[in-house]
Structure formats: C-alpha cells, structure tokens
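To keep things clear, I will list the structure first and then write my remarks on it.
The values are calculated or read from the model by the stated rules, or taken from the named source; none is laboratory data. Just so it is clear, the structure is predicted and the values come from calculations on it, not from any experiment. Positions of Cβ are backbone-derived with ideal geometry, glycine not excepted, and every protein chain shown enters the neighbour counts. Side chains included, ligands, DNA and RNA excluded: accessible areas come from the protein's heavy atoms. Shrake-Rupley method; radii C 1.70, N 1.55, O 1.52, S 1.80 Å.
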Amino acid sequence: MRKEEFLKEHQDLFHKQVSRSDFPPDFVFGVATSAYQIEGGSNEGGRGPSIWDAFTRKKGTIIDGSNGDVAVDHYHRYKEDIELIAKFGFEAYRFSISWSRIFPDGTGTKVNEDGIKFYNNIINSLLEKGIEPYVTLYHWDLPLHLEESMGGWLNKEIVKYFAIYADTCFANFGDRVKNWITINEPLQTSINGFDIGIFAPGRHENSSVEPYLAAHNQILAHATAVSIYQSKYRDQQGGKIGLVIDCEWSEANSDKIEDKVATARRLEFQLGWYLGPIYDGEYPEIMRETLGDKLPKFSEEDKNLLRNSKPDFIGINHYTSRFISHITETTGGPYFYKAQQIERIAEWEGGEPIGEKGASEWLYVCPWGLQKLLTYISQRYNNIPIYVTENGMDDEDIDAPLDELLDDKLRVRYFNGYLAGVAQAIKNGANVKGYFAWSLLDNFEWCNGYTKRFGLVYVDYKNGLARHPKSSAYWFKRFLKGDEEKTSKKED
Ligand code: PNW
C-alpha cells in the first residue's frame, strides 16, 4: 500500500507541468559549478597546489586516473561559458573561488594579484550580461601547504587562515558580489575526506575522531567568516552570506517505530550536525548521546561566536533519497560514521528501487524527496530562507553518436519533476528563494574523474573540449522564458 502511494506521488511530480509562473517573480534561477572541477590552468596565473592536485596524483584514487590540471579549461574559456549561461537565460551563476589562486600557500601573507584579476574578469563578465554571481569560498580545494604544514581541517588554526582568505575576498569582490557561500558541503569533506577516504585528503586511519574534528573546524571557520562579513562589510556592501549543506531525503521504510527513529537520526546526522551548531549553538542531542567524548565541544567563546553569526540563508545541495530501516548490527565496517548511524538501504525490501537510476552509484531519481526535505527544513529551522544550490543528475560517459548523447531525456524529466517538487514545497509554505541546476558543464566529477557527466552542456573531451548544449539546456531556456506551452510539451 505504502509502496503504491509513493510511486503515485513520484509519478505525479513527473507529470505535473511545471512553469516559471509556478514560482514567485523574485525567485532566482541559476546554474552551478566549482573551481577544481572546471577551471584547469592549474599551474597558471600563480596558482598554488591544492589537496586535490596531490590526491589525484596518488595511485588508485580517481577511477580513470585523471585530474583537474586542464579540467574543461574554463580558465581560458570563461567568456564562452558565460555566454552559454546567458544564452539559456539563467539569472544567476554559482561558482567557487580557488583559495590557492588567491593565496598560493593558503597562509594569507601575499595576495596573488593574477588570481584576483581572474575572478574580477569572471564577475565583471557576469554582471555585463545581467547574471548575478553567487560565490562559494570553499568547494574542497584546500591549499596543499595548509594540509601538509598543519593538518588542514584537523587543526583549529585553519579557522584563522580561512578568515584572512574570506576577508580578502569580501574586500576585493564584495562591491559586486552580493551573495556569499562560506563552505560547500562540510558533510562530504568530513565523511569522504576523513572517514571513507575517497576524497582529498583521503584519510581513514582515525575515523572515529577525525570526521567530527574536521566538521567542528569547518563550522567555526564558517561562523568566523560570517562574523567578519556581518561586522565589517555588510552595512557598506549590502550582501548576504550563508553556507551550503548537502542532504539526501530519508524516508522510513515502514511505519515501525524503530524505522522512524532511524530515519530521524539520519537526518540529524546529516543536517543537524551542521545546522544544530549554527542555529541552536549545539550539536543535536542524538549525536551527543551516541558519540560522547568523540564529538568536540564548543567553548563559551565558540558559542558566543555561533550565536552572533547566524547566516542569512541556507543553501541545500540535493540529489537523491533513501529508504531507511533500523538494523541492529552495524554495517559500517571500518568506517565509524556509517557504523554509528545503524541504518541505510536504498531499495524497497522487495528489491524495487526508490527511483530510476542516474549514473552515479548513489543517485536515484525521486523528485518527491526534495519537496519533503524543503518542507522539513522550513519547519525544523524556523522558516529560514533556503536556496537549492545544487540539483541534477549524471549520465555515464559512453561512446554514441553526438545527437544521441545530447538528447538527455531523463535529465529533462528529472528537472521537471524536481522543480515541480520545489514549487509544491513553496505552496506548502517553505521559504525557498532560488534554485541552481548542477552543473553548467560536464566536468571533473571528483573520484569518478570524467566518467560521469552532470552537465547541461556536453563537453567533448576527445575533440578540443568543445561545448555542445544538451536538450536539458534548451528545456531550461524555454522554461525560463515562461514559454509554458513549449516547456510543457513532452520532450520525447
Ligand atoms: C556534490 N552523495 O557532492 C558536490 O558539491 C559537487 O561538486 C558534485 O559534483 C556533485 O555533488 C555531484 O556529485 C555530492 O553521495 C557528492 O550523497 C555525493 C553526494 C552528495 C553530494
């Protein structure tokens, strides 16, 4: 019964014809990228190495042995890429600054003027086209020197260096950038970087402690940057600042109380881990209970900082959903964080998947999950303004005729369904302000290298990195123009 109900809801969102007029007029539509995934130019313009340069050089870390040295060469083609953003009618562009382009060794002693110039060029080109920049300060590419000399996110000293870097960005770009994001997905850095070890810096030796420490220092770095912005720049520059959390939706696999408890616990371990300290000044109770002394504590000074640096908005990166059941034995193997949660399944007990499959092993298409997540966050965190800062799906990199590769029907259905979910969440009262599709271009998909393609625009890796817009880019163009009839016309 439950299963039929869900599938019906799932189908409903796919079939709902979403249009621009389902969203408030001031709702922002944009597209997103990150520096290491697209820029390349790794040795140009005075850029220093980051932990991803080092990590990709270790054997066996990246599925196709690739790296971001050239990536999709956005460093040289940013003008062409910004033309594309404009062509498809997006009003905003979320990108990240590479910390080691601004401070090559991360320490904040000498600003690299070429780096400042590069981002000035991007920001100015965007504004010329009427595209609003949304800038992420940290999207995983920590300057390598900070990792090697002091242990990166494991050392509280990093807060100080992040503060100098953030301050420098506000001072140089804040006259034109009005939307700042401190840190992208601290959860993924903590878990993949320090527990599972599949992301830089690739640690897993001490995974009962390090993920929590890395998270703690990211939370403090975020709060410090917010506090600098709010005390020193906000009045004069008039912008907003927030952070980006990633969260899957968790749906209880049955009405059994223990499954519901496991589901609530999982949301606390994903969202509450970060939003708890940031909004309530403390980690969620279930985390404190479960982890005891392994969870760092906030000092009175830290609590004061957290209390006085509330973000203006929360960015949510969301891709997929999970059905959650309680299990009594832990399945996490050596990985402490997974072991603590005591749950996780992706499929129905009968074996039917929660949604159609994307290319990445973890990605299932379930638009209703985003709707529920937005409603949950609004209710749980006092109706805070939310931007969906990433949402999208990937295709496998396969050999096929170009016109077939460009006709990304499932991605069009994905966006239609998820946007219908966002529109419904807004109707139900969620305070959602904007939506960013991930991603503008096919790009370096971290440990999956170039084998997964999330782009609205296909990048031909074998033919000079030529850009070819996919059907989904044209779908967005019609949608954004408010060309309802054509948008709602079935794509296939
Ligand atoms: C995001 N998960 O990461 C990142 O912000 C992007 O840089 C990345 O390209 C994109 O998602 C697609 O992977 C995530 O397993 C990676 O739930 C994995 C998960 C969530 C977010």
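Out of the range 285-312, which residues are outside any helix (DSSP H, G or I), open to solvent by 100 Å² or more (accessible area, probe 1.4 Å) and over 21 Å from Ile384 (Cβ atoms)? Steps first, please.
Residues of the range 285-312 that are outside any helix (DSSP H, G or I), as a first pass: 295-299, 308-312.
Next cut, open to solvent by 100 Å² or more (accessible area, probe 1.4 Å) only: 297, 308.
Scanning the range 285-312 gives a single hit, Lys297.
Among the residues making up the range 474-485, those that are surrounded by 14 or more Cβ atoms within 10 Å (Cβ to Cβ) and modelled with pLDDT under 95 are Asp483, Glu484. The condition (being touching a strand residue (DSSP E or B) at 6+ places or on another chain (Cβ under 7 Å) and either within 16 Å of the ligand (Cβ to nearest atom) or open to solvent by less than 10 Å² (accessible area, probe 1.4 Å) (or both)) is satisfied by just one residue among Gly152, Gly115, Gly106: Gly106. Every condition in (1) under 19 Å from Lys256 (Cβ atoms); (2) at pLDDT 95 or above holds for Gly315 except the one numbered (1).
Please verify whether Leu154 is among the aliphatic types (A, V, I, L, M), within 17 Å of Pro211 (Cα to Cα) and modelled with pLDDT of 95 or more, treating the condition exactly as stated. When the stated conditions are applied, Leu154 passes them.
Taking each residue of the range 400-413 that is crowded, with 18+ Cβ neighbours inside 10 Å and looking for partners that are part of a helix (DSSP H, G or I) with beta-carbon atoms closer than 7 Å, six or more apart or interchain, yields Asp408/Ser471; Asp408/Ser472; Arg411/Ser472; Val412/Ser471; Val412/Ser472; Val412/Trp475; Arg413/Phe14. Tallying residues that are hydrophobic (A, V, I, L, M, F, W, C) and more than 16 Å from Phe415 (Cα to Cα) within the range 439-453 yields 3.
Report whether or not Ser100 is closer than 24 Å to Glu185 by Cβ, open to solvent by less than 20 Å² (accessible area, probe 1.4 Å), small (Gly, Ala, Ser) and touching a residue at least 40 places away in the same chain (Cβ under 8 Å). Step through it out loud before you land on a result.
On the way: closer than 24 Å to Glu185 by Cβ: yes; open to solvent by less than 20 Å² (accessible area, probe 1.4 Å): yes; small (Gly, Ala, Ser): yes; touching a residue at least 40 places away in the same chain (Cβ under 8 Å): yes.
Here the answer is yes, as Ser100 does meet what is asked.
The set of residues in the range 269-284 being open to solvent by 10 Å² or more (accessible area, probe 1.4 Å) and within 18 Å of the chain's Cα centre (by Cα) consists of Gln270 alone. Just one of Asn383, Asn304 is at pLDDT 95 or above and at positive phi; which is it? When all the criteria are applied, what remains is Asn383.
The residues in the range 313-325 that are within 16 Å of the ligand (Cβ to nearest atom) and either open to solvent by 20 Å² or more (accessible area, probe 1.4 Å) or polar (S, T, N, Q) (or both) can be counted, and the count is 4. Those residues that are surrounded by fewer than 23 Cβ atoms within 10 Å (Cβ to Cβ), of a type in the set (Ser, Thr, Tyr) and at pLDDT below 95, I need them from the range 231-257; list them, please. Within the range 231-257, Ser254 is the sole residue that qualifies.
When restricted to residues that are more than 16 Å from the ligand (Cβ to nearest atom) and touching a strand residue (DSSP E or B) at 6+ places or on another chain (Cβ under 9 Å), the range 160-194 contains 13. In the range 121-140, the residues that are under 27 Å from Gln188 (Cα atoms) and within 16 Å of the ligand (Cβ to nearest atom) reach residues that are modelled with pLDDT of 95 or more and open to solvent by 10 Å² or more (accessible area, probe 1.4 Å) with C-beta atoms within less than 6 angstrom, at least six apart or across chains, in these pairs: Tyr134/Asn179.
Please work out which residue is nearest to Lys477 (Cα to Cα), limiting yourself to the range 66-76 and to residues that are surrounded by 21 or more Cβ atoms within 10 Å (Cβ to Cβ) and hydrophobic (A, V, I, L, M, F, W, C). Ranking the candidates gives Val72 first. For the range 195-229, residues that are away from the ligand (no atom under 16 Å from the Cβ) and aromatic (Phe, Trp, Tyr) total 2. Lys79 falls short on exactly one of the conditions (1) in a loop (DSSP other than H, G, I, E, B); (2) touching a residue at least 12 places away in the same chain (Cβ under 8 Å); (3) open to solvent by 40 Å² or more (accessible area, probe 1.4 Å), and that condition is (1). Filtered by the rule that a residue be more than 13 Å from Phe95 (Cα to Cα) and among the charged types (D, E, K, R), the range 114-140 gives Asp114, Lys117, Glu128, Lys129.
Just one of the numbered conditions (1) in contact (Cβ under 8 Å) with a residue 12 or more places away in the chain; (2) within 23 Å of Leu154 (Cα to Cα); (3) part of a helix (DSSP H, G or I) is not true of Glu282: (3). Of the residues making up the range 154-163, one or more are closer than 28 Å to Trp362 by Cβ and either in contact with a helix residue (DSSP H, G or I) (Cβ under 6 Å, 6 or more places away or on another chain) or outside any strand (DSSP E or B) (or both). Which members of the range 28-65 meet the condition of being surrounded by 22 or more Cβ atoms within 10 Å (Cβ to Cβ) and within 30 Å of Ile426 (Cα to Cα)? Answer for the range 28-65, where residues must be surrounded by 22 or more Cβ atoms within 10 Å (Cβ to Cβ) and within 30 Å of Ile426 (Cα to Cα): Gly30, Val31, Ala32, Thr33, Ser34.
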